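Asker: I am attaching a structure below and will ask some questions about it afterwards.
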Amino acid sequence: MQTQLERYTQRLIDEQCAKPGKIAICSQNDRICRFGNQDFVKLGQQIIQELDCASVIVAEPLHPFPFLLLFRAPPGLAALVPRDSESRSSLHDIPLIRHCQNPTDFLSKICTALRKRKGCIVENIGLISHGSLTVEQSYIAWSSLLHATTIKYFEDLLTTGPQLFEEKQVIIQYRNSYLKPFDTASFPFLPRLPDHSQTIISEMSLAGQATVQLGLVDSFFGNISCVSANTLYISETSARLDELQCQIDPVPFDGSSTAGITASSELPAHRAIICATGCKAILHGHPRFSVVMSFFAVPGTSDDVCRIDSIPVVDGEGGVGGLAESLPRAFNLTGGKAVIVRGHGVFTISNTDFGEALAELAIVEQHCRDTYFALLQERYHF
């Protein structure tokens, strides 16, 4: 168990999610195991004992967006309600816990929030999440909190402008120091999609690793597929995109097996896109500025399709929520290789290789990032 706690701690650092030295993970089986920052460990142990849950993560994010959301919120606001689809489906809302001098009252407020939700924002600490059965559950919840709060913050910032002292400087430093151009050319993809199943899985695994490494998706989000002959190879539901080697299902198009039971919930959308466009590979990520900008997309001048410049933006939920209709229609209407789903993420396609799908995903996110900061400059003189 101790090794597992150390591994998840390192993930939070490697994925540039949390500050090194400001992370604690506690887990309970026959005893409480703990690893990390001693002050946070103490709080994590208290939460586990109060909730009788399996695991707790207490960590300060690498970037201060959750804190900025809390400080921007009206004093009486108890929770934030993000609009991105992952947050709506898994988090519902995010409780805000403000600091109080009495340690008992402070702990009580945190535990009250965690009894109702998977995680919360806590003043002077960061994000706290818990899992009822495994450490992985608390890790996914913490990652979801970070994803949701980052998107919520940048959406609010573009809507209302900076409201806090030195907030503008924080964002300028983040943009200039952290947001680097995407390098997709360094990944050794094959020039053509292979036909052999093991090579297909290897290419899909590389695409998943590259997508996570470039920050175009959080590792437990997104999905990927490749078609060969009469079989659609697709990542499993809840699979880590950077550990896909044993989490890809071969699903026959004729329904002759039950392999699709464990496949991604986006399987109907992938099938429909392939049938409509004839593409061979699909990559779906959740790049943050693409999600943010999707809330500001407006209808084009020549049709009813919302767009960010030339990139179409469609509505619809995953699974059976309409994406199997809206995505193929948008791909065929524009003839492009990328479509944004409002509040959800980006789907890209390729007829040749995953390198092209990855490059398209990066192009869309870079364009949305540039558009975002251009609007921020225009509106608020950043």
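The values are calculated or read from the model by the stated rules, or taken from the named source; none is laboratory data. What you see is a predicted model; the values in this text were computed from it and never measured. Note: ideal-geometry Cβ built from the backbone for every residue, glycine included; neighbour counts use all protein chains shown. Areas reflect the complete protein model, heavy atoms only, side chains present, ligands, DNA and RNA absent. Shrake-Rupley method; radii C 1.70, N 1.55, O 1.52, S 1.80 Å.
Asker: Condition first: in a helix (DSSP H, G or I) and either under 30 Å from Phe253 (Cβ atoms) or open to solvent by 50 Å² or more (accessible area, probe 1.4 Å) (or both). Now tell me which residues in the stretch 276-307 satisfy that.
Answerer: Matches in the stretch 276-307: Ala276, Thr277, Arg288, Ser290.
Asker: If a residue must be open to solvent by 50 Å² or more (accessible area, probe 1.4 Å) and either assigned to a loop (DSSP other than H, G, I, E, B) or of a type in the set (D, E, K, R) (or both), how many such residues does the stretch 242-259 contain?
Answerer: Residues flagged as open to solvent by 50 Å² or more (accessible area, probe 1.4 Å) and either assigned to a loop (DSSP other than H, G, I, E, B) or of a type in the set (D, E, K, R) (or both) within the stretch 242-259 amount to 9.
Asker: Right, something else. Looking at the stretch 37-58, which of its residues are in contact with a helix residue (DSSP H, G or I) (Cβ under 6 Å, 6 or more places away or on another chain) and closer than 30 Å to Gln169 by Cα?
Answerer: Ile57, Val58
Asker: Ok, one more. For the stretch 187-214, give me the residue count where each residue is of a type outside the set (Ser, Thr, Tyr), in contact with a helix residue (DSSP H, G or I) (Cβ under 8 Å, 6 or more places away or on another chain) and open to solvent by less than 80 Å² (accessible area, probe 1.4 Å).
Answerer: Total meeting the criteria: 11.
Asker: For the stretch 339-353, give me the residue count where each residue is surrounded by 21 or more Cβ atoms within 10 Å (Cβ to Cβ) and under 18 Å from the mean Cα position of the chain (by Cα).
Answerer: Final tally of qualifying residues: 9.
Asker: Now a separate question. Filter the stretch 109-153 for residues that are part of a helix (DSSP H, G or I), surrounded by fewer than 23 Cβ atoms within 10 Å (Cβ to Cβ), of a type outside the set (A, V, I, L, M) and touching a strand residue (DSSP E or B) at 6+ places or on another chain (Cβ under 8 Å) and give the result.
Answerer: Lys109, Lys116, Gln137, Lys152
Asker: Now a separate question. Criterion first (in contact with a His (Cβ under 8 Å, 6 or more places away or on another chain), buried (at least 22 other Cβ atoms within 10 Å of the Cβ) and at pLDDT 95 or above) does Ile273 satisfy it?
Answerer: When the stated conditions are applied, Ile273 does not pass them.
Asker: So, one more: If you scan the stretch 7-30, which residues turn out to be surrounded by 13 or more Cβ atoms within 10 Å (Cβ to Cβ), among the charged types (D, E, K, R) and in a helix (DSSP H, G or I)?
Answerer: Across the stretch 7-30, the qualifying residues are Arg7, Arg11.
Asker: Could you look through the stretch 174-200, keep only residues that are in a loop (DSSP other than H, G, I, E, B) and of a type in the set (D, E, K, R), and pick out the one that is nearest to Phe373 (Cα to Cα)?
Answerer: Out of the qualifying residues, it is Lys180.
Asker: Being surrounded by 16 or more Cβ atoms within 10 Å (Cβ to Cβ), over 23 Å from the mean Cα position of the chain (by Cα) and either modelled with pLDDT under 95 or assigned to a loop (DSSP other than H, G, I, E, B) (or both): is that true of Cys33 here?
Answerer: Spelling it out, it is not the case that Cys33 is surrounded by 16 or more Cβ atoms within 10 Å (Cβ to Cβ), over 23 Å from the mean Cα position of the chain (by Cα) and either modelled with pLDDT under 95 or assigned to a loop (DSSP other than H, G, I, E, B) (or both).
Asker: Moving to a separate point now. How many residues are touching a helix residue (DSSP H, G or I) at 6+ places or on another chain (Cβ under 7 Å) and surrounded by fewer than 20 Cβ atoms within 10 Å (Cβ to Cβ) when one looks only at the stretch 354-378?
Answerer: Within the stretch 354-378, residues that are touching a helix residue (DSSP H, G or I) at 6+ places or on another chain (Cβ under 7 Å) and surrounded by fewer than 20 Cβ atoms within 10 Å (Cβ to Cβ) number 3.
Asker: Still on this structure, please answer the following. Can you tell me which of Leu232, Leu244 is touching a helix residue (DSSP H, G or I) at 6+ places or on another chain (Cβ under 6 Å) and among the aliphatic types (A, V, I, L, M)?
Answerer: After ruling out the rest, the residue left standing is Leu244.
Asker: Also: For a quick check of your reading of the model, give me the residue pairs whose first member lies in the stretch 210-232 and is in a loop (DSSP other than H, G, I, E, B), whose second is of a type in the set (Asp, Glu) and crowded, with 22+ Cβ neighbours inside 10 Å, with beta-carbon atoms closer than 7 Å and at least 6 apart or on different chains.
Answerer: Leu216/Glu365; Phe221/Glu86
Asker: I'd like to check something: does the stretch 152-173 contain any residue that is at positive phi and touching a residue at least 60 places away in the same chain (Cβ under 8 Å)?
Answerer: yes
Asker: So, in the stretch 49-103, exactly how many residues are acidic (Asp, Glu) and assigned to a loop (DSSP other than H, G, I, E, B)?
Answerer: Total satisfying the criteria: 3.
Asker: Scan the stretch 108-121 for residues that are within 15 Å of Gln46 (Cα to Cα) and touching a residue at least 40 places away in the same chain (Cβ under 8 Å) and jot them down.
Answerer: Ile110, Cys111, Leu114, Arg115 - these are the residues of the stretch 108-121 that are within 15 Å of Gln46 (Cα to Cα) and touching a residue at least 40 places away in the same chain (Cβ under 8 Å).
Asker: Ok, one more. Quick one: which residue in Phe65, Phe71 is closer than 20 Å to Ala148 by Cα, at pLDDT 95 or above and open to solvent by 80 Å² or more (accessible area, probe 1.4 Å)?
Answerer: Unique residue meeting the criteria: Phe71.
Asker: So, in the stretch 171-186, how many residues would count as being surrounded by 10 or more Cβ atoms within 10 Å (Cβ to Cβ) and under 19 Å from Leu68 (Cα atoms)?
Answerer: Adding up the residues that qualify gives 7.
Asker: When you check Phe187 against the structure, is it modelled with pLDDT under 90 and either over 19 Å from the mean Cα position of the chain (by Cα) or not polar (S, T, N, Q) (or both), yes or no?
Answerer: no
Asker: Can we say Thr348 is part of a loop (DSSP other than H, G, I, E, B) and under 25 Å from Ser202 (Cβ atoms)?
Answerer: So Thr348 fails the test.
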